[in-house]
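The values are calculated or read from the model by the stated rules, or taken from the named source; none is laboratory data. Just so you know, these numbers come straight off a predicted model, no measurement behind them. Positions of Cβ are backbone-derived with ideal geometry, glycine not excepted, and every protein chain shown enters the neighbour counts. To get the accessible areas, we keep the full protein, side chains included, count just its heavy atoms, and leave off ligands, DNA and RNA. Shrake-Rupley method; radii C 1.70, N 1.55, O 1.52, S 1.80 Å.
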Amino acid sequence: DRSVSRGLGDVYKRQVIINVYFKGAKLFMRMVDIILKKRDGGHLTKEEINFFIEGYVKGDIPDYQVSALLMTIVYKGMEKDEIFNLTEAMINSGETCDLSSIPGVKVDKHSTGGVGDKTSLVLGPMVASCGAKLAKMSGRGLGHTGGTLDKLESIPGFNISLSSEEFLEQVKNIGMAIIGQTGDLVPADKKLYALRDVTGTVDSIPLIAASIMSKKIASGSDTILLDVKYGNGAFMKNLEDARILAKTMVEIGNFFGRDTRAEITDMSEPLGKAIGNNLEVKEAALTLLGKGPKDLTELCLDSGSTMLVQAKIASDKERARQMLLEHLENGDAFEVLCKFVKAQGGDESYIRDLSKFPIARYKAEVRSPIAGYISKINALEIGLSAMKLGAGREKKEDRIDMSAGILLNKKIGDAVKKDELLATIYTERPNYESVLKDVYNAFEIVNEEVGTKPIVIETIEWI
Ligand code: URA
């Protein structure tokens, strides 16, 4: 009983710890004591963390107690060894992927998510064309951020559920595969994330780091590259938090023996110019043909260089970049995209002829009433607008329109003339007027010329 345990104060708490320590048995552990310990600034042991994760996954510990513990973690944080132990307990809650039958170094990447982030669709074929092996599990979009699986499913026939034999065989043969997360990988995260989503406990660096890294480590790759985005369209709103999250995740990865590096990248404007599922697939294909937006191309070259160094295919980033540029220019990277789409049941002819993708019924333009320079494009506003147009989900169950979204005609730093096109919206929904206004409001236009920021702010290679 909580009131009694509170009343007994320190004596009680000491007693609980002694019980656990000497008798070691989970029998003597109680979830309420773990909550109280964390609430009062204590340090959770490996046994206590295992007890909480195992008990929650089995259904022995109820949501309300786990919610309370999660909220104390949001406020009290976690020490490094607590985060490592949490990650390990989460990995051990389910199966792990064995990629050892694929020859060579297996590489993986993860983006913390943003608006217009179609990087995997470009980067995967780029590094695979240079000989890297990418065995990737991806997620779906929710809210203002899109998901790689939804984008891939905008290609007719594309199948995101391969058997593990098909998955391994495809990576061996063409160098890459992207599938949905399998049911038994880190079940603890599935339960915890659903609970965090509705209890205001998503925004915690230890919880985010353990959630992402448990899945990445369980997925079995030898190397992990993390793209930690910051800016108003990202999870991390400022550079300092992005840095802490990136470092925490790099430390976790290295602790588990994976070569883990992170890039902190700018998400203060959408990435590239396309936001929305088939619009982004088209932009990804164009980027592999050398006709993509500058920021997306640069991000993929930078991330790809790090991944090739991690895979030991190139000795340094400069050489890796040269290799990537060669495989872009000679068309190899584009060919890998086509093979990858075909191997997963997608109609490759859509990639070879992008005009085959359906275009939304309604199309409307946002034009600038003044001349000047673009100083801001609010990524969050653009992401939410794309969602309202049908490109994203407000709730998990929502259906998305594959052809809905926004094409930007301008990026930060561009000059704009009066009446010039800022963006075009695409939707199946006839009542889009208010979204047009939101898209216009996402732009800030000033009189003076505006400088641009590099897309990759810093790289964290080892702590
Ligand atoms: N993405 C994840 O997978 N987990 C989090 O906690 C946050 C973002």
By residue number, the members of segment 247-285 that are acidic (Asp, Glu), closer than 30 Å to Ala423 by Cα and modelled with pLDDT of 95 or more are Glu263, Glu269, Glu280, Glu283
Going through segment 290-330 in order, the residues found to be assigned to a helix (DSSP H, G or I), of a type in the set (S, T, N, Q) and within 21 Å of Ser221 (Cβ to Cβ) are Ser303, Ser305, Thr306, Gln310
Where the second residue is of a type in the set (Gly, Ala, Ser) and more than 11 Å from the ligand (Cβ to nearest atom) and the first is touching a residue at least 60 places away in the same chain (Cβ under 8 Å) and lies in segment 190-207, which pairs have Cβ atoms under 9 Å and are six or more apart or on separate chains?
Lys191/Ser93; Leu195/Ser67; Arg196/Ser67; Thr199/Ser67; Thr201/Ser67; Ser204/Gly77; Ile205/Gly77; Pro206/Gly77
Helices (runs of 4 or more DSSP H) fully within segment 1-120 counting 3 or more residues that are open to solvent by 20 Å² or more (accessible area, probe 1.4 Å) and modelled with pLDDT of 95 or more
31-39, 46-58, 63-76, 80-91
Of the listed residues (Val186, Val127), the one being in contact (Cβ under 8 Å) with a residue 12 or more places away in the chain and at positive phi is Val186
Could you go through segment 169-183 and let me know if any residue there is in contact with a Phe, Trp or Tyr (Cβ under 8 Å, 6 or more places away or on another chain) and either under 19 Å from Ile53 (Cα atoms) or within 10 Å of the ligand (Cβ to nearest atom) (or both).
no
Do we have Gly372 as buried (at least 22 other Cβ atoms within 10 Å of the Cβ) and either at positive phi or among the charged types (D, E, K, R) (or both) here?
no
Every listed condition ((1) open to solvent by less than 40 Å² (accessible area, probe 1.4 Å); (2) within 30 Å of Lys282 (Cα to Cα); (3) within 15 Å of the ligand (Cβ to nearest atom)) holds for Leu152 save (3)
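Do we find a residue being open to solvent by 10 Å² or more (accessible area, probe 1.4 Å), within 16 Å of the ligand (Cβ to nearest atom), touching a helix residue (DSSP H, G or I) at 6+ places or on another chain (Cβ under 6 Å) and farther than 24 Å from Thr72 by Cα anywhere in segment 248-264?
no
From the list Arg399, Arg429, which one is open to solvent by 20 Å² or more (accessible area, probe 1.4 Å), touching a Gly at 6+ places or on another chain (Cβ under 9 Å) and at pLDDT below 95?
From the options Arg399, Arg429, the qualifying one is Arg399.
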